[in-house]
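Nothing in this text is a laboratory measurement; each read-out follows from the coordinates by a stated rule. Not measured: the values here are computed from a predicted model. Glycine also receives a Cβ, built like all others from the backbone with ideal geometry; neighbour counts cover every protein chain displayed.
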Amino acid sequence: MRAKSLALRLFLSAAAWTVVILVITGIVLSSLYRQAVERSFDRRLGVYLRTLVAEIATPDEGPDKFAQSLGEPLFDLPLSGWYWQVTRLGVPKADVRSSRSLWDKGLPNLEEQSLAATGDGTRRSYVEGPEDQRLRMIERTVDLGEEGRFRVSVAGDTAELDEETRAFDRALILTFAALGVGLLLTTMFQVQFGLAPLKRISAGLSAIRSGQAERLGGSFPAEIAPLASETNALIDANREIVERARTHVGNLAHALKTPLSVMVNEAASRGDDPLAVKVREQTDIMRDQVTRHLERARIAARASVVSSVTDVPPVVTALARTMEKLHGVRGIAIDIDTPTEVRFRGERQDLEEMVGNLVDNACKWAQSRVSVEVTPEQAEANPPSQVVRIVVDDDGPGLTPAQREQVAHRGQRLDETKPGSGLGLSIVVELAGLYGGKLALGSAPIGGLRAELVLPAA
């Protein structure tokens, strides 16, 4: 899962809610368990308290005679943490009886702490006992009529209660940690499984763009199926639009070229008539403009088509052999250096037009030699992408930096004696730009002009 991905967002949101729910559930369960342990502890203390009350209320033994240990040896062990205390109320002289474990200490009075009593008159609370012990204490006031009123208190060390709670919390943490890891792994699997159709669509679009497929194939879930069908419909509509555009461009080219040719022929038949000269001049401008705009429309239409892939070596080899024949009378030799497996992400006729213009231009100016080198490279971009670099060198006179800038503009020619319209390099620049590529001019190692064409690779 990469940063800023939908999978990471879903996983983090699910993980956050899982952690929050587990923490809240753990706190609630720990609190409920402690309350259950407290109730059990209070019931134990209540048993001792009722035993003391029974001992006090026994007529044959009297209020001052009752067992010391109450069946619990810890009441006899000094400062053991388990204590009882009986205080006679309403007498001039304090009359307090307590367990041997309490030694010479005493238990606090919960009634003085304004603690509310339950329905049976019992008060419960945590108190601080002898030696700073933390105790759980219950207290109850008993009225025996003529025998008097007594406050009976029983307290126990909370170390046992705390230890049970900590043991439960440790087990709860380990259990919830294992459960959390399991839930997170399950969540990760669910996210990956749920987003798998989107990955298939992404892979399908990549295949279409690289020319390995023409449509999104396969079955998709109900939520994704409309997206796939609309994408296929968009691809089909794009192809239809491009085909119509090509047809209209061709029709327009034929419709305009014929009247222009008629006007040029009529003007040429009138010789040096000023009007005829002016007509020929303006028709030449019109022809260049028509050629320019028709070429731009044709290039834009072709470059917008997706899923086109062209093998570069056959195109370069065929063009080189053709150009050698066209310029054979001048003895131009063309050297080719290309790997066997390089593919251009675009249409074959566009590659032919770009490379053909560059090789033809090199042959026009070369003395005897032209070289063409094709190299696949990794582009320095984010994210990285594959490109194909086509380098065309000649051993001609070359160009200065100012001249290189000039010839890249449409219709600019440095030597009118050479055949051509001056549109070749500018067409290469525009066509390469539509594919996201570029053309750079420099100095060739063999002495002439170097043209470096960089195009996206498939």
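Kindly provide the pair-distance distribution of the chain built from C-alpha pairs, with 10 Å bins from 0 and whole-percent values in order of increasing distance.
4, 13, 14, 11, 8, 7, 6, 5, 6, 7, 7, 6, 4, 2, 0, 0
Taking 7 Å along the Cα-to-C-beta vector as the label spot, tell me the S368-R100 distance in nanometres, rounded to one decimal.
According to this spin-label approximation, the distance is 12.7 nm.
Sort 366-376, 322-332 by packing, meaning the average of other beta carbons within 10 Å per residue, with the highest value first.
366-376, 322-332
Within the stretch 8-41, list the residues whose amide N lies under 15 Å from a label point set 7 Å along Cα→Cβ of T175.
Flagged as within label range: 22-37.
To the nearest 20 debye, what is the magnitude of the charge dipole of the chain about its Cα centre, counting +1 on the Cβ of each Lys and Arg and -1 on the Cβ of each Asp and Glu? Mind showing how you got there, number by number?
Details: 54 positive and 60 negative charges, 313 e Å.
It works out to roughly 1500 debye.
Quick check: pseudo-label points 7 Å beyond the Cα along Cα→Cβ at T58 and D162, how many nm apart are they?
3.6
Summing -39500 (n - 2.57) over the DSSP H runs of n ≥ 4 in the chain and dividing by its residue number, what mean residue ellipticity at 222 nm do you reach, to the nearest 500 deg cm²/dmol?
After summing the helix terms and dividing by the residues of the chain, the value is -18000 deg cm²/dmol.
How far, in degrees from 0 to 90, does helix 225-269 lean away from the longest principal axis of the Cα atoms of the chain, to the nearest 10?
Between helix and principal axis, roughly 20 degrees.
Which of the listed residues, V142, L425, I24, is farthest toward the dipole's positive end in the chain, when Lys, Arg count +1 and Asp, Glu count -1 at the beta-carbon?
So the residue we want is L425.
For the chain, take the longest principal axis of its alpha carbons; what is the angle in degrees between that and the long axis of helix 159-210, to the nearest 10 within 0 to 90?
Taking the Cα atoms of the chain, the angle to 159-210 is about 10 degrees.
By how many nm would the segment from R50 to E377 lengthen if fully extended, with 0.36 nm per residue of separation less the alpha-carbon distance?
Stretched out fully, the R50 to E377 stretch lengthens by 108.5 nm.
How would F193, F41, F75 line up from fewest to most surrounding beta-carbon atoms within 10 angstrom? All intermediate terms of the calculation are to be shown ahead of the outcome.
Numbers: F193 9, F41 18, F75 21.
Result, fewest neighbours first: F193, F41, F75.
D273: net charge of surrounding residues, Cβ under 13 Å, Lys/Arg +1, Asp/Glu -1, itself excluded? Please report the intermediate quantities before stating the final value.
Working: positive: R270, K278, R280; negative: E266, D272, E281.
Summing Lys and Arg as +1 and Asp and Glu as -1 gives 0.
Obtain the nm distance between the two label points defined at Q289 and D272 by a simple spin-label model: each point lies 7 Å from its Cα along the Cα-to-C-beta direction.
2.9
Measuring from a point 7 Å past the Cα of A207 along Cα-to-C-beta, which residues in the stretch 322-348 have an amide N at less than 19 Å?
345-346
What is the magnitude of the charge dipole of the stretch 58-157 about its Cα centre, with +1 placed on the Cβ of each Lys and Arg, -1 on the Cβ of each Asp and Glu, and no other charges, expressed in debye to the nearest 20? Walk me through the intermediate numbers first.
Working: 13 positive and 18 negative charges, 33 e Å.
So the magnitude is around 160 debye.
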